[in-house]
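Student: Below you will find the structure I want to go over with you.
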Amino acid sequence: MVLPTPTLHTARLRLRPFDDSDVDELFALHSDADVLRFWDAPPWTERARAERFIAVCRQMAEDCSGSRPAVVRASDGSFLGWCGLSRWDPDHRSASLGYCFGKAAWGHGYATEAAGALLRWAFDTLDLNRVQAECDTRNGASARVLEKLGFVREGTLREDCVVNGEVSDSWVYGLLRREWAG
């Protein structure tokens, strides 16, 4: 069985499978220290990391563990970032949400719009009951995205990440099907 990465459309965005032409923009995104300030890994320093990321996206579809589409602006096709579901468990009807957007996309509601479209697809297509997400406790913008989508903060993972010697906590959020307003 394969879990194909969907192509989804919103008023302003298109979510689509990654392709090889996305490597440079994906590398630029993940090599930006400002973008990855609250990430659980340091910025990329090698373009090959972007190639491996895209290969992993394809592998996730093949082994049915998740779906991670690229997010582009519908009006001009500009690459904005990505949004994905990983750790899909059909027995428990659960998955984990993650996303990463470039600085030019911040503050425009793109993360909320893209994640909302992916969640709608996931609840309808994958019959999920629960989606979990985590964000660094210092990342108020990401916390607001999750809360706008209806996620509820369920707890704190204390000192769960150490990146370049810096220790940080993460908040755990959950969204149940019965709470999903999308």
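The values are calculated or read from the model by the stated rules, or taken from the named source; none is laboratory data. All of these numbers come straight from a predicted model, not from anything done at the bench. Ideal geometry is used to build each Cβ from the backbone, glycine not excepted, and the neighbour counts take in all protein chains shown.
Student: Only one of (1) farther than 24 Å from Arg144 by Cα; (2) among the hydrophobic types (A, V, I, L, M, F, W, C); (3) modelled with pLDDT under 95; (4) assigned to a loop (DSSP other than H, G, I, E, B) is not met by Ala61, so which one is it?
Tutor: Every listed condition holds for Ala61 apart from (4).
Student: Name the strands (runs of 3 or more DSSP E) wholly within the stretch 67-182 that hold at least 1 residues that are under 14 Å from the mean Cα position of the chain (by Cα) and modelled with pLDDT of 95 or more?
Tutor: In the stretch 67-182, 70-73, 79-89, 94-101, 130-136, 166-176 are the strands (runs of 3 or more DSSP E) which contain 1 or more residues that are under 14 Å from the mean Cα position of the chain (by Cα) and modelled with pLDDT of 95 or more.
Student: Please verify whether Gly98 is in contact with a strand residue (DSSP E or B) (Cβ under 7 Å, 6 or more places away or on another chain), in contact (Cβ under 8 Å) with a residue 60 or more places away in the chain, surrounded by 13 or more Cβ atoms within 10 Å (Cβ to Cβ) and closer than 30 Å to Glu159 by Cβ, treating the condition exactly as stated.
Tutor: Spelling it out, it is not the case that Gly98 is in contact with a strand residue (DSSP E or B) (Cβ under 7 Å, 6 or more places away or on another chain), in contact (Cβ under 8 Å) with a residue 60 or more places away in the chain, surrounded by 13 or more Cβ atoms within 10 Å (Cβ to Cβ) and closer than 30 Å to Glu159 by Cβ.
Student: Let me ask something else. Residue check: is Trp88 out of contact with any Leu (no Cβ under 8 Å at 6 or more places or on another chain) and among the aromatic types (Phe, Trp, Tyr)?
Tutor: no
Student: Hey, Ser78 hits all of (1) closer than 25 Å to Val23 by Cα; (2) surrounded by 15 or more Cβ atoms within 10 Å (Cβ to Cβ) but one; which does it fall short on?
Tutor: Answer for Ser78: the failing condition is (2).
Student: Looking for whichever is of a type in the set (Ser, Thr, Tyr) and within 24 Å of Ser31 (Cβ to Cβ) here; the options are Tyr173, Tyr110. Which one fits?
Tutor: Step by step, each of Tyr173, Tyr110 is checked, and only Tyr110 is of a type in the set (Ser, Thr, Tyr) and within 24 Å of Ser31 (Cβ to Cβ).
Student: Scan Arg130, Arg144, Arg120, Arg177 and give me the residue that is over 18 Å from Leu85 (Cα atoms) and out of contact with any Cys (no Cβ under 7 Å at 6 or more places or on another chain).
Tutor: Answer to the selection: Arg144.
Student: Which one of these does Tyr110 not meet: (1) of a type in the set (Ser, Thr, Tyr); (2) closer than 23 Å to Pro42 by Cα; (3) in contact with a Gly (Cβ under 8 Å, 6 or more places away or on another chain)?
Tutor: (2)
Quick grid of which residues meet (1) acidic (Asp, Glu); (2) in contact with a strand residue (DSSP E or B) (Cβ under 7 Å, 6 or more places away or on another chain); (3) surrounded by 15 or more Cβ atoms within 10 Å (Cβ to Cβ):
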position	(1), (2), (3)
Arg120	no, no, no
Leu149	no, yes, yes
Val163	no, no, yes
Ser168	no, yes, yes
Gly174	no, yes, yes
